[in-house]
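Peer 1: Below you will find the structure I want to go over with you.
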Amino acid sequence: MIQISETASEKIAGMLKDIGIDHNFLRLGVSDGGCNGLSYSMRFDDSLVKDDRVIAWNKFQVVIDNTSAEYLEGVQIDYEETGMTGGFTINNPNAKFTCGCGASFRTATYRGKAKKCD
């Protein structure tokens, strides 16, 4: 369903370890918003919802809500160091249009509800 590079996987595992709570996991999602209509969310969470999909990944678990799953099919997550900063990147084969920063997208069949970026 998704791919997470070794670099991103190590970064996520390290961040989870820094939190110090063993039952936290990475929650990935998609919601309406952003300049192209759909926005990604990545956050740490510790509670599951009825229709969540749980994926065991190396040293942690990834959870995706059922609604977001179709938009995240085939997603590749990486972590890149650039100069003095770094960040996660998402390559989504379902995205037909993306914004310049890569945080917002739309698919061929769903435009989402675009909102002005802050």
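The values are calculated or read from the model by the stated rules, or taken from the named source; none is laboratory data. What you see is a predicted model, and the numbers here were worked out from it, not measured in a lab. So basically every Cβ, Gly included, is an ideal-geometry build from the backbone, and we count neighbours across all protein chains shown.
Peer 1: Do you know which residues across segment 18-59 are small (Gly, Ala, Ser) and outside any strand (DSSP E or B)?
Peer 2: Within segment 18-59, 20, 33, 34, 37, 47 qualify.
Peer 1: Could you figure out which of (1) buried (at least 19 other Cβ atoms within 10 Å of the Cβ); (2) over 26 Å from residue 107 (Cβ atoms) isn't true of residue 14?
Peer 2: Result: residue 14 fails condition (1) only.
Peer 1: Of the residues 45, 51, which single one is farther than 24 Å from residue 80 by Cα and without any contact (Cβ under 8 Å) to a residue 60 or more places away in the chain?
Peer 2: 51
Peer 1: What residue, of 64, 4, is crowded, with 16+ Cβ neighbours inside 10 Å, in contact (Cβ under 8 Å) with a residue 60 or more places away in the chain and under 19 Å from residue 87 (Cβ atoms)?
Peer 2: Residue meeting the stated conditions: 4.
Peer 1: Please indicate, with yes or no, whether at least one residue in segment 63-77 is in a loop (DSSP other than H, G, I, E, B), small (Gly, Ala, Ser) and modelled with pLDDT under 90.
Peer 2: no
Peer 1: Same structure, new question: Of all residues in segment 1-37, how many are of a type in the set (Asp, Glu) and either under 19 Å from residue 88 (Cα atoms) or touching a strand residue (DSSP E or B) at 6+ places or on another chain (Cβ under 6 Å) (or both)?
Peer 2: Residues flagged as of a type in the set (Asp, Glu) and either under 19 Å from residue 88 (Cα atoms) or touching a strand residue (DSSP E or B) at 6+ places or on another chain (Cβ under 6 Å) (or both) within segment 1-37 amount to 3.
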